[in-house]
Amino acid sequence: MSEPIEMGTQNFDPKLQSLWAGLLIEELIRQDVGLFVLASGSRSTPLALAVAENPRANHLLHFDERGGAFVAIGFARATGTPAVWITTSGTAVANGLPAVIEADADGVPLIMLTADRPPELRETGANQTIKQPDILGSYVRWQFDVPVADPSIDPAFILTTVGQAVHRSLSPRGPVHLNCMFREPFANRDYEKPTAPDVLKGWEESNRPYTRFPESTAWVSDAETSHLASRLDSIEQGLVILGKSDDPKLAHAALSLADSLGWPLLSDIASGSRFRNATNTANYDLLLCSKAFRERFQPEAVVHLGGKIASKRLLQFIADSKPPSYIVVRPDSVRYDPAHIVTDRIQADVVGFCQAISAELVPPSRSTSWMQSWKQASAAVEQVIEGALNIETLTEPGIARAISQATPDGRGLVVASSMPIRDMNAFAASMGQRVCVAANRGASGIDGTVATAAGFARGLNQPATLFIGDLALLHDLNSLALLREGPPITVAVVNNDGGGIFGFLPIAERKDVFEIYFGTPHGLSFDNAAEMFGLTYAQPTTMAEFSAAYESAVAGTRSSIIEVRTDRDKNVTFHRELESATIRAVEKQLEP
């Protein structure tokens, strides 16, 4: 008895379909794709079998399609190379949209490889058939509807399509979508692996990609470099801002540029440089609480390197200052100008830019009164932080500080959106570790944060810490299953029984509606979740207990959850008291 076939497909050859799927996966590997993340499904069988049959296909399975897409995000963040998400047809594809939005907003190379129904089943009411072409809309860099395998089409078409997809995911970096139509039967009856036709024998034996795309980076000329260096060298009151970056070399290059100019370096926590002492004004976020400081120290120029910044205070300070020169340097043409104040857009390799400008500046480094004022204000804030957090009471800023101090050298750190990224940005200590930091700050959502951490740790091939809030963890609870394998991950979750960040908003004053509609209390804890997924668990009640639990967890070989219970109202009060103490310390520093 023959296998069933779909209507109108009497000349369909399942072996050719398997060949196309195998070529697709093999060429993705040759184009340096680092990971395939799969969710089980019937229509994606040809792709799943092609991964299973290719011994070089590094792969991971996750039953949650949305979480799987964020695993790919995390891996791509860690490696800088594209990762592939494979899913079946129907609503499974729609579950990838949050990850696509994040990858688009933050320039993460991501390839969405989706299975679809053949053309004769589209727009017919066939089961699990939706309008998949263009489903990801304008969020993808490029998309292509791959037809059903056809003997009249040169199979090299698959190889060149894959090459184009990978190239478009890297230039500029972001997501692409290949939507692949498959017919039943999805596998050869004898499961014999098809071989490439003679026309592709040279490709098959070479182990090289079919199409090569030489790497090219836009660069400024020597004359432009000299002119810009001279222009910046004439300005004393400037700032270098280091935004979010996945390039570990950028921290040192940015600090060298800032020192050469005699300007403060304001580094975002997601740049990774805050942990490495690669900044001279670590506490800029809190010192900008002082209105007197903001008014006295408005910059004449800003050089913004890399991506976005988490500090709302810094964003507002720059927007209010409206510096005559605001220079953004990025490796792509993506527009970054939320306050509409950018005067110069430079598309260049950011590390190379810093090195070229630094080399033009004479003397190679200098110290100015402007720089000293920022350093002294940052030092005053440091004393306030140390004094305020040197207590046994568990506080959310204290947890962020303790994690920054005790995360081992070479490890990964994933920081969730909402309060964790803000607290880590404001209160992290610079201890000299080489910590690789990741955060989904493109769209700043709480989707898939646990899965992102799992992918990030796998990409680094190192243990990692995830600093997360209770709602973000509940939002991605399924992905705790990913932590049972791979490098161990320590999940430090702050549980304040709801949306703690909303307590800082004006709506918090509306006591009649706030708790129900914004506070969103859930009354849950994570001890049973840890047990369900086979993770170790601790719930410290003092800072000493937290530090001990964290140091034990990061030294262990199993993933774990450390749950810290806090009070939302007390957290708001504590933050505001800290800010008031900071203002007093900074303004005392400004006195003659």
Taking the options ALA544, ALA529, ALA548, name whichever one is assigned to a helix (DSSP H, G or I), in the same structural domain as LEU482 (by TED's automatic domain parsing), more than 30 Å from the chain's Cα centre (by Cα) and not polar (S, T, N, Q). ALA544
Test each condition in (1) more than 30 Å from PRO248 (Cβ to Cβ); (2) of a type in the set (A, V, I, L, M, F, W, C); (3) touching a helix residue (DSSP H, G or I) at 6+ places or on another chain (Cβ under 8 Å) for LEU121 and report the one that comes out false. (3)
Starting from residues that are of a type in the set (Asp, Glu) and either modelled with pLDDT under 90 or in a loop (DSSP other than H, G, I, E, B) (or both), keep the ones in the stretch 319-359 and report whichever is nearest to ASP104 (Cα to Cα). ASP332
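When you check SER369 against the structure, is it surrounded by 15 or more Cβ atoms within 10 Å (Cβ to Cβ) and in the same structural domain as ASP285 (by TED's automatic domain parsing), yes or no? Before the answer, list the steps.
Values: surrounded by 15 or more Cβ atoms within 10 Å (Cβ to Cβ): no; in the same structural domain as ASP285 (by TED's automatic domain parsing): yes.
Considered against the rule, which asks whether it is surrounded by 15 or more Cβ atoms within 10 Å (Cβ to Cβ) and in the same structural domain as ASP285 (by TED's automatic domain parsing), SER369 comes out as no.
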Please verify whether ASP106 is closer than 30 Å to ARG330 by Cβ, assigned by TED's automatic domain parsing to the domain that holds HIS167 and among the acidic types (Asp, Glu), treating the condition exactly as stated. yes
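Hey, among ILE391, ILE446, which residue is in contact with a His (Cβ under 9 Å, 6 or more places away or on another chain) and either modelled with pLDDT under 95 or not assigned by TED's automatic domain parsing to the domain that holds VAL572 (or both)? Break it down stepwise before answering.
On the way: ILE391 fails: in contact with a His (Cβ under 9 Å, 6 or more places away or on another chain).
When all the criteria are applied, what remains is ILE446.
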Looking only at residues in the stretch 290-306 that are at negative phi and of a type in the set (Gly, Ala, Ser), which one is surrounded by the fewest Cβ atoms within 10 Å (Cβ to Cβ)? ALA292
Does the stretch 428-441 contain at least one residue that is under 25 Å from ALA83 (Cα atoms), at pLDDT 90 or above and not hydrophobic (A, V, I, L, M, F, W, C)? yes
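Specify the residue that is surrounded by the most Cβ atoms within 10 Å (Cβ to Cβ); the eligible residues are those in the stretch 214-248 that are assigned to a loop (DSSP other than H, G, I, E, B) and modelled with pLDDT of 85 or more. Full working, then the answer.
Step one: of the stretch 214-248, the residues assigned to a loop (DSSP other than H, G, I, E, B) are 214-221, 234-237, 243-248.
Going one step further and asking which of them are modelled with pLDDT of 85 or more, we end up with 234-237, 243-245.
On the way: SER234: 10, ILE235: 17, GLU236: 16, GLN237: 18, GLY243: 24, LYS244: 21, SER245: 22.
The qualifying residue surrounded by the most Cβ atoms within 10 Å (Cβ to Cβ) is GLY243.
Every residue, every condition in (1) surrounded by fewer than 23 Cβ atoms within 10 Å (Cβ to Cβ); (2) without any contact (Cβ under 8 Å) to a residue 40 or more places away in the chain; (3) touching a Leu at 6+ places or on another chain (Cβ under 8 Å); (4) not charged (D, E, K, R), yes or no:
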{"residue": "ASN425", "(1), (2), (3), (4)": "no, no, no, yes"}
{"residue": "ALA443", "(1), (2), (3), (4)": "yes, no, no, yes"}
{"residue": "ILE446", "(1), (2), (3), (4)": "yes, yes, yes, yes"}
{"residue": "THR449", "(1), (2), (3), (4)": "no, no, yes, yes"}
{"residue": "ARG458", "(1), (2), (3), (4)": "no, no, yes, no"}
{"residue": "PHE504", "(1), (2), (3), (4)": "yes, no, no, yes"}
{"residue": "GLU515", "(1), (2), (3), (4)": "yes, yes, no, no"}
Give the residue that is nearest to ALA538 (Cα to Cα), with candidates limited to residues of the stretch 560-573 that are in a helix (DSSP H, G or I) and either in contact with a Pro (Cβ under 7 Å, 6 or more places away or on another chain) or charged (D, E, K, R) (or both). ARG568
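Mind listing just one residue for me: the one in the stretch 56-71 that is of a type outside the set (A, V, I, L, M, F, W, C) and in contact (Cβ under 8 Å) with a residue 40 or more places away in the chain and, of those, surrounded by the fewest Cβ atoms within 10 Å (Cβ to Cβ)?
First, the residues of the stretch 56-71 that are of a type outside the set (A, V, I, L, M, F, W, C): 56, 58-59, 62, 64-68.
If we keep only those that are in contact (Cβ under 8 Å) with a residue 40 or more places away in the chain as well, we get 62, 64, 66-68.
On the way: HIS62: 24, ASP64: 19, ARG66: 23, GLY67: 28, GLY68: 29.
Selected residue: ASP64.
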Just checking, how many residues over the stretch 120-144 are crowded, with 17+ Cβ neighbours inside 10 Å, β-branched (Val, Ile, Thr) and within 27 Å of ASN440 (Cβ to Cβ)? 2
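Condition check ((1) over 28 Å from the mean Cα position of the chain (by Cα); (2) surrounded by 15 or more Cβ atoms within 10 Å (Cβ to Cβ); (3) without any contact (Cβ under 8 Å) to a residue 60 or more places away in the chain) across all residues:
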{"position": "SER271", "(1), (2), (3)": "no, yes, no"}
{"position": "ARG276", "(1), (2), (3)": "no, yes, no"}
{"position": "LEU288", "(1), (2), (3)": "no, yes, yes"}
{"position": "LYS308", "(1), (2), (3)": "no, yes, no"}
{"position": "ALA319", "(1), (2), (3)": "no, no, yes"}
{"position": "VAL334", "(1), (2), (3)": "no, yes, no"}
{"position": "ALA348", "(1), (2), (3)": "no, yes, no"}
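Going by the structure shown, is SER378 over 26 Å from GLN589 (Cα atoms) and either part of a helix (DSSP H, G or I) or in the same structural domain as ASP246 (by TED's automatic domain parsing) (or both)? Break it down stepwise before answering.
Details: over 26 Å from GLN589 (Cα atoms): no; either part of a helix (DSSP H, G or I) or in the same structural domain as ASP246 (by TED's automatic domain parsing) (or both): yes.
Considered against the rule, which asks whether it is over 26 Å from GLN589 (Cα atoms) and either part of a helix (DSSP H, G or I) or in the same structural domain as ASP246 (by TED's automatic domain parsing) (or both), SER378 comes out as no.
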Would you say LEU413 is touching a His at 6+ places or on another chain (Cβ under 8 Å) and either closer than 26 Å to THR542 by Cβ or not assigned by TED's automatic domain parsing to the domain that holds ASP268 (or both)? no
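Report whether or not PRO147 is out of contact with any strand residue (DSSP E or B) (no Cβ under 7 Å at 6 or more places or on another chain), of a type outside the set (Val, Ile, Thr) and surrounded by fewer than 18 Cβ atoms within 10 Å (Cβ to Cβ). Quick ask: steps written out before the conclusion?
Working: out of contact with any strand residue (DSSP E or B) (no Cβ under 7 Å at 6 or more places or on another chain): no; of a type outside the set (Val, Ile, Thr): yes; surrounded by fewer than 18 Cβ atoms within 10 Å (Cβ to Cβ): yes.
So PRO147 does not fit the description; no.
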Number of the exception - ILE403 against (1) among the β-branched types (Val, Ile, Thr); (2) part of a helix (DSSP H, G or I); (3) out of contact with any strand residue (DSSP E or B) (no Cβ under 8 Å at 6 or more places or on another chain): (3)
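This table checks each residue for (1) assigned by TED's automatic domain parsing to the domain that holds ILE25; (2) under 26 Å from the mean Cα position of the chain (by Cα); (3) surrounded by fewer than 19 Cβ atoms within 10 Å (Cβ to Cβ); (4) assigned to a helix (DSSP H, G or I).
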residue: VAL162; (1), (2), (3), (4): yes, yes, no, yes
residue: VAL166; (1), (2), (3), (4): yes, yes, no, yes
residue: VAL176; (1), (2), (3), (4): yes, yes, no, no
residue: CYS180; (1), (2), (3), (4): yes, no, no, no
Does GLY500 fit the bill of being in contact with a Lys or Arg (Cβ under 8 Å, 6 or more places away or on another chain), at pLDDT below 90 and assigned by TED's automatic domain parsing to the domain that holds ASP569? yes
(1) at pLDDT below 95; (2) surrounded by 23 or more Cβ atoms within 10 Å (Cβ to Cβ); (3) of a type in the set (Asp, Glu): which one isn't true of GLU53, the others all being true? (2)
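The values are calculated or read from the model by the stated rules, or taken from the named source; none is laboratory data. Worth saying up front: this structure is predicted, and the values here are computed from it rather than measured. Cβ: placed from backbone, ideal geometry, glycine included. Neighbour counts: every protein chain shown.
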